[in-house]
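What follows is a single structure, written as structure tokens, with notes after it.
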Amino acid sequence: MAGIWIVAETREQAFELLGAGRLLAPEMETTVTAVVAKGSASPQECIARGADEVLLLAELAPGEPFGAQLPVIEQEARASSPHAILFSATARGKETAARLSARLAAGLCSACTALAFDKATGSIVMERLAYGGAAIQKLAASAAPVVITIPPRSFEPAEAMDGRQGKTRELPAPPPSAVKIVERKPKEKVSKDITEARVIVCAGRGFDKKEDIALARRLADALGGELGATRPLTEELHWLPEDLCIGLSGVQVKPELYVGLGVSGQVQHMTGVRGAKVVCSVNRDENAPIFALSDFGIVGDLYEVVPKILEKLET
Amino acid sequence: MPTIVACFKWVVDEVYIRRGAGGALDFSSVDYKIGEYDRNAIEEAVRQRDAGGGGSVIGVTVGTPESAKGVKDGLSRGMDQAFFVSDPSFKDLEPSQTAAILAEVIRSRIPQYDLIACGEGSSDLYAQQVGPRLAELLGIPCVCFVQKLSIEGGRLRAERRVEDGVEVVEAPLPALVTVLPDINTPRIPGVRDTLMAGKKPVITVKRDELTGTFEGALKTAAMTASSLERTGEKLAADSAGIARFVDSLRKSGVIK
Ligand SMILES: Cc1cc2nc3c(=O)[nH]c(=O)nc-3n(C[C@H](O)[C@H](O)[C@H](O)COP(=O)(O)OP(=O)(O)OC[C@H]3O[C@@H](n4cnc5c(N)ncnc54)[C@H](O)[C@@H]3O)c2cc1C
Ligand SMILES: Nc1ncnc2c1ncn2[C@@H]1O[C@H](COP(=O)(O)O)[C@@H](O)[C@H]1O
């Protein structure tokens, strides 16, 4: 039957992936199938947003990870041979997509940021970053299926339309998985979504200790913005929540103003702020790469410079 | 005593990539390195070996003959021996091809192993695919994005980081894990480590010693340099510099 498939674990993922899927389906004159976890987006919601068919994943037994659904998804995919299968590039999505690709001997475009169907060649063309963000890799898939993962919030979610119809089918429960979840430690608090922030003050490794981040927060408050961070602060030191990590392995932001404090300006981080209107920085090393990647910046110690900036802002 | 396989890749250090004429990538002055996160994979393999009271760490890398330097670098990080799967055609392999090559080498040349450790992603492609693909091809359980790991009684216990928190999981061995950078701090090899590395066994596997066809599934239509450069005005940390900085902020229109 072919078609475009989306596989979603949450409602937000389903809507965004349907939005991405609808970029392809009309051009390819094909249908959209939404494979969704029960309790995420409802079949009606998926159909209104462009799905022609909804396949409901069975509820998992306690302790079964999302990856347990793999054999069920594989079997359905083999039966209907979709052209493309879209997943969200979340931890579970990336793992499941890669494992499914191996089983189907399919190509996989990881962290795809642009997507189109090229009628002339009959192939799906995709873009992603390579070399830490120093390069843009353009991939073409002519063989089906191609599996694609999409970083959350890269595409517009699909809007609901009136009068749409579609079928719904429940999928069987998967066999038990070899990997078992023995404990879940939910995150205490989901932090702010910085992808829509107008102003971001980003703290880097130039801060000496966790308490000092208060200085960056003060500047963010003074500028009416949010706090962001480089990966060492969220990933290695755990001074700030992971959702605040900007860059290749974090989020892509597009503020009107980005202020980097004690950020060296490695490409993996700076690729995340390519959409910023104005980039400025404070770094004590005049040879730090961030200066060439900023509109303007101060060469100096952030502990001396930031209080002065705050003072000046008040006058 | 565990046998642990560590997969690592010798990659272009992206710091030295320049933007050439017409947006082409200029590799003329590049240097190479073992991918950042692959160093965590090697370190974790070594730690698990030592925690298991011995055993061995077998490194495996797929690359062009020039990657020989990477094999020695890997061995200086505590591995016991290495498989170097090398061919001039192994240059811009897709993750699907790399996984297929690794699977054949491991299946045919490493008869018994307890754990395979991969990095969270390679430093050049950062596709985050090779690990989970390899696990499927070998038909073993796979746990990705692991921040904490222990092995006991033929099982692994891992903390795996997901968007909504942490999942503590268990799986029977042999299994494959991909590790996050905060799982450990990779050692920096000393002179002695480098000298010792030269004495460790390296088994080179050539393309024609393998049976697979290793065809790619996707086509790279273009690889172009992205430009992040801006005007780059540098200001001093004196009162004039601060004044100009705040002025520029105001001019940007985002603050009053
Ligand atoms: C595959 C891959 C993916 C990655 N993804 C990301 C990502 O998504 N996001 C990310 O951020 N990183 C990512 N990284 C890591 C990235 O390469 C850099 O290591 C990281 O961005 C550096 O963070 P930093 O600038 O805070 O720290 P550093 O590079 O250590 O820089 C600290 C800077 O602070 C300056 N400084 C020190 N003290 C002071 C002071 N008192 N006043 C002023 N300046 C001072 C120093 O001069 C230095 O320039 C990734 C790496 C890899 C390999
Ligand atoms: N050429 C290679 N040789 C050996 N291992 C590799 C190779 N490429 C990737 N890997 C392993 O697979 C992981 C993920 O790579 P990737 O899917 O390219 O992001 C890396 O961190 C390595 O552990």
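The values are calculated or read from the model by the stated rules, or taken from the named source; none is laboratory data. Predicted, not measured: the structure shown is a model, and the values here were computed from it. FYI the Cβ positions are ideal-geometry reconstructions off the backbone, even for glycines, and counts take in every protein chain you see.
Within segment B:4-55, being of a type in the set (S, T, N, Q) and either free of Cβ contacts under 8 Å to residues at least 60 places away in the same chain or farther than 18 Å from residue B:76 by Cα (or both) holds for B:28, B:29.
Please find, among A:233, A:248, the residue that is among the aliphatic types (A, V, I, L, M), part of a loop (DSSP other than H, G, I, E, B) and either touching a strand residue (DSSP E or B) at 6+ places or on another chain (Cβ under 9 Å) or at positive phi (or both).
Values: A:233 fails: part of a loop (DSSP other than H, G, I, E, B).
Unique residue meeting the criteria: A:248.
When residues in segment B:40-78 are screened for being crowded, with 16+ Cβ neighbours inside 10 Å and farther than 14 Å from residue B:115 by Cα, 15 of them pass.
Considering only segment B:88-95, I want to know if a residue exists there that is assigned to a helix (DSSP H, G or I), within 11 Å of ligand 2 (Cβ to nearest atom) and within 14 Å of chain A (Cβ to nearest Cβ).
From segment B:88-95, those assigned to a helix (DSSP H, G or I) are B:95; that's our starting set.
If we keep only those that are within 11 Å of ligand 2 (Cβ to nearest atom) too, we end up with B:95.
Pick out the ones that are also within 14 Å of chain A (Cβ to nearest Cβ) and you get B:95.
Among the residues of segment B:88-95, at least one is assigned to a helix (DSSP H, G or I), within 11 Å of ligand 2 (Cβ to nearest atom) and within 14 Å of chain A (Cβ to nearest Cβ), which makes the answer yes.
Residues checked against (1) at pLDDT 95 or above; (2) within 28 Å of residue B:93 (Cα to Cα); (3) more than 14 Å from chain A (Cβ to nearest Cβ):
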residue	(1), (2), (3)
B:199	yes, no, yes
B:209	yes, yes, yes
B:226	no, yes, no
B:232	no, no, no
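Among the residues of segment B:137-160 satisfying the criterion of being buried (at least 21 other Cβ atoms within 10 Å of the Cβ) and without any contact (Cβ under 8 Å) to a residue 24 or more places away in the chain, which is nearest to residue B:12 (Cα to Cα)? Only one residue tops the list, namely B:160.
Would you mind stating whether residue B:66 is within 14 Å of chain A (Cβ to nearest Cβ) and not in a strand (DSSP E or B)? Taking the combined requirement at face value, the residue does not satisfy it. Entry remark, segment B:155-187: residues being at pLDDT 95 or above and assigned to a loop (DSSP other than H, G, I, E, B) number 7 in total.
Of all the criteria given as (1) farther than 28 Å from residue B:122 by Cα; (2) assigned to a loop (DSSP other than H, G, I, E, B); (3) of a type outside the set (Phe, Trp, Tyr); (4) without any contact (Cβ under 8 Å) to a residue 12 or more places away in the chain, the one not satisfied by residue A:178 is (1). Figure legend. Inter-residue proximity from segment B:111-134: first residues within 21 Å of residue B:216 (Cβ to Cβ) and more than 6 Å from ligand 2 (Cβ to nearest atom), second residues of a type in the set (Gly, Ala, Ser) and in a loop (DSSP other than H, G, I, E, B), beta-carbon distance below 7 Å, spacing 6+ or different chains. Indicated pairs: B:123/B:35. Only strands (runs of 3 or more DSSP E) whose full extent lies in segment A:39-109 are considered here, and the ones with at least 1 residues that are away from ligand 2 (no atom under 16 Å from the Cβ), in contact with a Leu (Cβ under 9 Å, 6 or more places away or on another chain) and more than 14 Å from every other protein chain (Cβ to nearest Cβ) are A:53-57, A:84-88.
Of the residues A:128, A:153, the single one that is within 15 Å of ligand 1 (Cβ to nearest atom), of a type outside the set (Ser, Thr, Tyr) and at pLDDT below 95 is A:153. If you filter segment A:3-26 down to residues that are within 14 Å of the chain's Cα centre (by Cα) and not in a loop (DSSP other than H, G, I, E, B), you find that the one that is surrounded by the most Cβ atoms within 10 Å (Cβ to Cβ) is A:17.
Out of A:247, A:228, report the one residue that is at pLDDT 95 or above and within 16 Å of ligand 2 (Cβ to nearest atom).
Answer to the check: A:247.
Assigned by TED's automatic domain parsing to the domain that holds residue A:46 and within 30 Å of residue B:13 (Cβ to Cβ): does that describe residue A:93?
Details: assigned by TED's automatic domain parsing to the domain that holds residue A:46: yes; within 30 Å of residue B:13 (Cβ to Cβ): yes.
Yes, satisfied.
Screening the candidates A:205, A:198 for the property of being farther than 23 Å from residue A:40 by Cβ, surrounded by fewer than 18 Cβ atoms within 10 Å (Cβ to Cβ) and either more than 9 Å from chain B (Cβ to nearest Cβ) or among the polar types (S, T, N, Q) (or both) yields one hit, A:205.
Suppose we filter segment B:95-122 for residues that are polar (S, T, N, Q) and surrounded by fewer than 19 Cβ atoms within 10 Å (Cβ to Cβ); how many remain?
So the answer is 2.
Just name the residue that is surrounded by the most Cβ atoms within 10 Å (Cβ to Cβ) out of those in segment B:13-39 that are more than 16 Å from ligand 1 (Cβ to nearest atom) and more than 14 Å from chain A (Cβ to nearest Cβ). Outline the logic, then answer.
Here is the first cut: in segment B:13-39, the residues more than 16 Å from ligand 1 (Cβ to nearest atom) are B:18-29.
Now narrow it down to the ones that are more than 14 Å from chain A (Cβ to nearest Cβ): B:21, B:28.
Details: B:21: 6, B:28: 9.
Among residues in segment B:13-39 that are more than 16 Å from ligand 1 (Cβ to nearest atom) and more than 14 Å from chain A (Cβ to nearest Cβ), the one surrounded by the most Cβ atoms within 10 Å (Cβ to Cβ) is B:28.
Within the group A:209, A:254, A:180, which residue is among the charged types (D, E, K, R) and not assigned by TED's automatic domain parsing to the domain that holds residue A:272?
Values: A:209 fails: not assigned by TED's automatic domain parsing to the domain that holds residue A:272; A:254 fails: not assigned by TED's automatic domain parsing to the domain that holds residue A:272.
Just a single option satisfies the conditions, and that option is A:180.
Note on segment A:138-166: residues that are under 28 Å from residue A:196 (Cα atoms), surrounded by fewer than 23 Cβ atoms within 10 Å (Cβ to Cβ) and within 10 Å of chain B (Cβ to nearest Cβ) total 2.
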